[in-house]
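These notes are about the structure you will find just below.
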Amino acid sequence: MEKKWWQSSVVYQIYPRSFQDSNGDGIGDIPGITKRLPYIRELGADVIWISPLYQSPNDDNGYDISDYRAILREFGTMEDFDRMLETAHELGLRIVMDLVVNHTSDEHAWFVESRSSRDNPYRDYYIWRDPKDGHEPSNWGSCFGGSAWKYDEATEQYYLHLFSVKQPDLNWDNPKVRDAVFDMMDWWLRKGIDGFRMDVISLISKDQSFPDGEPESSGYATFNCAANGPREHEYLQEMNRRVLSRYDIMTVGECSGVTLEEAKKYANLDGRELSMCFQFEHMGVDSDPVAGKWTTKKLELPKLKEVLTRWQNGLEGIAWNSLFWDNHDQPRIVSRWGCDSPEYRERSAKMLATCLHMMKGTPYIYQGEELGMTNYPWGSLEEFNDIETLQNYRQLVEKGILSPDEAFEAVCAKSRDNARTPMQWDTTEQAGFTTGTPWLPVNPNYREINAAEALSRKDSVFYYYQKLIALRKQMELIVYGDYRLLLPEDEDLYAYTRNLGDEHLLVVCNFSEKERSLRLPETFINGWVLIANYDAAPGESVVIPPYGAIAIFSKN
Ligand code: TEU
Ligand code: CA
């Protein structure tokens, strides 16, 4: 197998709105990112994925783009962008841009034209359908609640929007759309960016008959029924031929609804489509059959192990995995699957990091994860900003799927806004994020949990991540070794090995509050402790404290 730079990279994700404000308007911006690049360098990550920076009316915080070649005024100017890119490159950091081309904003010039009349040249840039028996053309639902079809009075047709009504889906079956998108991608690549993270790229090809899907408790079929459509791979291969293959870049597809078999195509090592893809199966292990992700159900560890192991082994030697717990759409992992009480917050954050970063694939760190940032202590529904949270809350309560109290508890646990509260830099007012009023409140725990504190203390979560990253850079075993699960049924311990030639690694992570001991497999007796989040002294067995984690190396 040919080795690629992005296989030994670690990616740091920035959500620009919440990272660092530089001018006191309460909104993070590009000069703020530039100022903090040395911080990311210090952590050791070498690729930065930045959520959308483009012009947008912000119905979905930048994932609704109205001009792909302009920077959102609140974030700065194109000159600011160019300076950031140059500074990043000087520091040896690569920049991967978010690419949102399943849909645009309804304020994009293409859609303004498209909706103006049925015979406008841009009409077919989007997906328009006549009513079916006076109703929506199919039962497809929007990810944010309600139908995915919106009736437009002016031209008496429906348009498709798998996300908000302000995010109409592009019609990829129109070759002009593909030309326009590829041209725009090329424009950014010529500027010198290092790749793309492709938003819901698994949804771009739709079955033109728009068949009804299996309805959920909401009455609609999930937007996943549009995933991996009939011409999906044809379009990605075309994109690859015409654009991607001409640059030395990294591409990661956000592949909602992807199966293992599909991922082998998206992320195949033959390089015909993308470098790697995000799958979400492991993010769904604590969801509910009726309420979906909107539940406070506890994690069942054997399920998580089953899913991740299937992906680790299923792609082995065929395609490349990406590894993540957190992103701008997920609650904070330490609150979700660790323990955010003062006693265990740091140890469980390090345990989760160990479990993920010792696996095979490219790891992603979401801003603040390296500090063990936690979910926000929400007091009322009014405090939320996110469209997905607010619309789903309403739908869950209206349909009687959850009581208002249950729905509130669920959004507190799962809202995307948990990830979007401002980055906690130091103990000054507003955590050093802004000198003004932040667009989302700062978590009050910033006085204890912040970057300045973490950087001043050698045993912080930050330095633990730094060490994990450094180990990946030093050891091919961590990048290329195969993966084998141990103890599949154990409800507390996640244990696996990695193996490359005569090198072996044993990783044991305790997801519980119990102390657990484990007899070491023969190979690892007298092994070398590569990293642990407690004072470890293994002999023939290890005693692992609550939320403990250890990785033992052996060569034979
Ligand atoms: O997310 C796509 C996606 O699948 C999400 O809807 C995800 O399932 C959900 O947010 C989890 O709760 C991407 C972006 O990451 C997200 O921020 C955007 O809102 C969405 O696409 C539309 O562009
Ligand atoms: Ca600002």
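Residue pairs whose Cβ atoms lie under 7 Å apart, sitting 6 or more positions apart in sequence or on different chains, and linking a residue in segment 43-61 that is among the aromatic types (Phe, Trp, Tyr) and open to solvent by less than 10 Å² (accessible area, probe 1.4 Å) to a partner that is within 16 Å of ligand 2 (Cβ to nearest atom) and assigned to a loop (DSSP other than H, G, I, E, B), are 54/62; 54/72.
The helices (runs of 4 or more DSSP H) falling completely within segment 395-504 that include 2 or more residues that are open to solvent by less than 10 Å² (accessible area, probe 1.4 Å), more than 28 Å from residue 555 (Cα to Cα) and not β-branched (Val, Ile, Thr) map to 404-414, 417-420, 451-455.
Selection of first residues in segment 1-30 that are over 20 Å from residue 55 (Cβ atoms) and of second residues that are surrounded by fewer than 16 Cβ atoms within 10 Å (Cβ to Cβ), restricted to Cβ pairs under 6 Å at least 6 apart or on distinct chains, gives the following pairs, ordered by first then second residue: 24/435; 24/436.
Residues checked against (1) touching a residue at least 12 places away in the same chain (Cβ under 8 Å); (2) of a type in the set (A, V, I, L, M, F, W, C); (3) open to solvent by less than 40 Å² (accessible area, probe 1.4 Å):
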| residue | (1), (2), (3) |
| --- | --- |
| 288 | no, no, no |
| 291 | yes, yes, yes |
| 295 | yes, no, yes |
| 298 | yes, no, no |
| 307 | yes, yes, yes |
| 329 | yes, no, yes |
| 332 | yes, no, yes |
| 349 | yes, yes, yes |
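Among the residues here, residue 23 qualifies as within 16 Å of ligand 2 (Cβ to nearest atom), over 30 Å from residue 476 (Cβ atoms) and loosely packed, with under 15 Cβ neighbours inside 10 Å. Screening the candidates 135, 161 for the property of being free of Cβ contacts under 8 Å to residues at least 60 places away in the same chain, under 24 Å from residue 253 (Cα atoms) and of a type outside the set (D, E, K, R) yields one hit, 161.
Residue 317 fulfils the conditions (1) part of a helix (DSSP H, G or I); (2) open to solvent by 20 Å² or more (accessible area, probe 1.4 Å) except for a single criterion, (1). You will find that of 68, 158, 122, 126, the residue that is of a type in the set (Ser, Thr, Tyr) and open to solvent by 70 Å² or more (accessible area, probe 1.4 Å) is 122 and no other. Of all residues in segment 106-117, one or more are away from ligand 2 (no atom under 16 Å from the Cβ), more than 31 Å from the chain's Cα centre (by Cα) and open to solvent by less than 20 Å² (accessible area, probe 1.4 Å).
Restricting attention to segment 165-190, which residues are farther than 17 Å from residue 110 by Cβ and open to solvent by less than 60 Å² (accessible area, probe 1.4 Å)? Residues satisfying the conditions are 186, 188, 189.
The values are calculated or read from the model by the stated rules, or taken from the named source; none is laboratory data. Nothing here was measured: the structure is a model prediction, and the numbers come from that model. Here Cβ is always computed from backbone atoms with ideal geometry, including for glycine, and neighbour counts include all displayed protein chains. Calculation scope for accessible area: heavy atoms of the full protein, side chains included, ligands and nucleic acids excluded. Shrake-Rupley method; radii C 1.70, N 1.55, O 1.52, S 1.80 Å.
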